[in-house]
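What follows is a short report on a single structure.
Every number here is computed from the coordinates shown, using simple stated rules; none is lab data. Fair warning: this is a prediction, and the values are worked out from it, not measured in the lab. Every residue, glycine among them, receives a Cβ derived from its backbone with ideal geometry; neighbour counts consider all protein chains shown.
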Amino acid sequence: MSAQANVIRHALPTNPSGIGLLGQRILRIVAAAVLAVLVVPMLVVVVVSFSSADFVIFPPPGFGLKWYGAFFHTPEFVSAFLTSVEVALAASIAATVLGVPASYVLVRRRFVGRGLLGAIFLSPLMVPQIVVGVGLLQFYAWLGISNTPVGLIAAHTVVVLPYVVRTVGASLLSLSPQIEEAAADLGADTIGTLTLVVVPVIKGGVLSGALFAMIMSWINVEVSIFLSATGTYTLPVLVYNYTEYSLTPLVIVAAALSMVVSALLVLIIDRCIGLSSAMRL
Amino acid sequence: LVLPASAVLLVFFVVPVALLVIDGVFIHGVFTLAAYRTVLTDPYYAEVLWRSIWLSVISTAICIVLGYPVAFYVTRLSGQRHKRYVYMAVLAPLFTSAVIRAIAWMMILGNRGVLNTALTMLGVIETPMRLLYSNVAIITGLVYTMIPFAVLTIAPVLEILDTRLEEAARDLGASPLQTYVRVTLPLSVPGISAAAILVFALCLSSYVIPSLLGGGRIKVLASLIFEQFLRAFNWPLGSALACMLLVVTGVVILGYGRLVGGRLTVGPGGGRAA
């Protein structure tokens, strides 16, 4: 919250004349309120996860790590946590391996249907996740691979692929094709150009794309819920199943831990290329 | 080089979605439109569809009203550092699972939740208000989830807005309010409409928020699909509903594509922000 307070205190619009001083003041108050509403719910989850109470209550009567201990001693939750880690790692690696070459071609080569292909590569973002989920549910039943880790990983790979393609595509666009041509003119072969010129420039983009993919897989519930059963539950799916009945302190700890992992990944992205440039605003 | 990725997309994305279309019209291998007939004639489905639409419309409207000032604010910030903090706050919900966002609001809106506890302690209310498991809870959750998308869609439009036009209006004697209403607002309309379209489509297709914050009693189109597949095991009916959702959001997203133009292709600023 203090970071926000800071923002609000120091920030002055570059163009104070446009909407006037009163307008600015109203704008600042409304924006600050909305930003607070965006952040506070997550803080509530984190605060309550440290509660010492045996049920979910706010404000907590006392604090402690009791429920974190319980979380790591509950096999169901630990196994869901590990499943999520595995799926996120596998899906983000697969999406990166598939997505980096694809986005290189989409950005660099001119061919018929390039625009269409690009749209198809981003389309998993446009199709409602529930539709992808139920489609895969039927497809896997037909293939006979329902509720398998492989099926879940493949599904996540498809869902997170657009993030890799877009982030890498954006960093490729920042590299002028003339530089690659120059390298070729100076005698570098294709491999040399790629390793000495292209890779160093897009390294940050590739890493952020991969991390984005990892986060999106890590938090996914919309698709996973149709593709996992007891034993292959991911953390968000397990949390969903519990929450449908009641909120328990264990679920809150699971939620808080999930957020911590996301936050760490976001911080790494921010360190790599800066969050706002990663989001291409 | 694009082949491996295309193949994976074809097998695990295009084929399953196509299968869904086929499954909606074949029951035990026989072509029939029975599932669609049920959906289109049974008043229950009409009611659910209608509810999904108005919940999404209200959520979208609130979302724009709250997201627009944030987008406006962030684009007029001068310091990069401050911009970054604001974007962090805006993006935070996007990197959190939908289940967790729902849980957070369950803790806030519950009978013994943060809001009721606070209001009781302040003496505003005597008995807790019933906020959770209602339309209000669903709308709150949807708005919360979608504000980042609204901000991220509106902000780029405001970013390229030529502020000299505002200065010109002021120099020509317009008041701040006049300047805003006659100059700034009309120039932000493309961003606002693109955001509205995107948010509406996203609201219509979410089911985690409505099913958790509605307590499973308030049904929307997406939660109906969920139920047909995982509880009722009526796959043809579920497929028919999913196809309807696909068509509706498809039409809406195409409209979005038209509005934002080339931004749907690979490249800077392409497509949905997250």
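Quick notes
- D by Stokes-Einstein for chain B, Kirkwood Rh over Cα pairs, 10 °C, 1.306 mPa s: 75 µm²/s.
- Relative contact order (percent, whole number), the range A:99-257, Cα cutoff 8 Å, 6+ residue spacing: 31 percent
- Spread of Cα-to-Cα distances over 20 Å intervals beginning at zero, given as percent, for the protein assembly as shown: 20, 54, 24, 1, 0
- Cα gyration tensor, the range A:56-209 - rounded (a/c under 1.5), prolate or oblate: prolate
- Taking a ≥ b ≥ c as the square roots of the eigenvalues of the alpha carbon gyration tensor, the range B:183-250 is oblate, as a/c is not under 1.5 and a/b does not beat b/c.
- Most mobile listed residue (A:ARG109, A:ARG166, A:ARG28) in chain A, GNM with C-alpha springs under 10 Å: A:ARG28
- Volume per residue of the convex hull around the Cα atoms, evaluated for the range A:166-281, comes out as 131 Å³.
- Ranked by the mean number of other Cβ atoms within 10 Å per residue, highest first, peptides A:131-142, B:142-153, A:44-55 order as B:142-153, A:131-142, A:44-55.
- Here A:VAL56, A:VAL39, A:VAL260 are placed in order of increasing Cβ neighbour count within 10 Å, fewest first, which gives A:VAL260, A:VAL39, A:VAL56.
- Rounded to the nearest 0.05, the FRET efficiency derived from the C-beta distance between A:ILE29 and B:LEU230 at R0 = 35 Å is 0.20.
- The protein assembly as shown, helix-only ellipticity at 222 nm - DSSP H runs n ≥ 4, -39,500 (n - 2.57), divided by all residues, nearest 500: -23500 deg cm²/dmol
- If a spin label sat at a point 7 angstrom from the Cα of B:TRP54 along the line to its beta carbon, the backbone N atoms of the range B:202-235 nearer than 15 Å would be those of B:218-221.
- Shielding by partners - mean other protein chain Cβ count within 10 Å, residues of A:98-105: 5
- Size descriptors for chain A: radius of gyration and Dmax over Cα atoms are 22.8, 71 Å.
- Computed label-point distance, nm, for sites B:THR41 and A:ARG110 using a 7 Å Cα→Cβ extension: 5.7 nm
- Restricted to Cα atoms, the range A:30-73 shows a radius of gyration and a Dmax of 13.2, 44 angstrom.
- Per residue of peptide A:115-122, the mean number of Cβ atoms on other chains within 10 Å of the residue Cβ is 5.
- Euclidean distance between Cα centres, the range A:189-241 to the range B:104-153, Å: 32 Å
- Tilt relative to chain B, helix B:221-230 - C-alpha long axis, 0 to 90 degrees, to 10: 40 degrees
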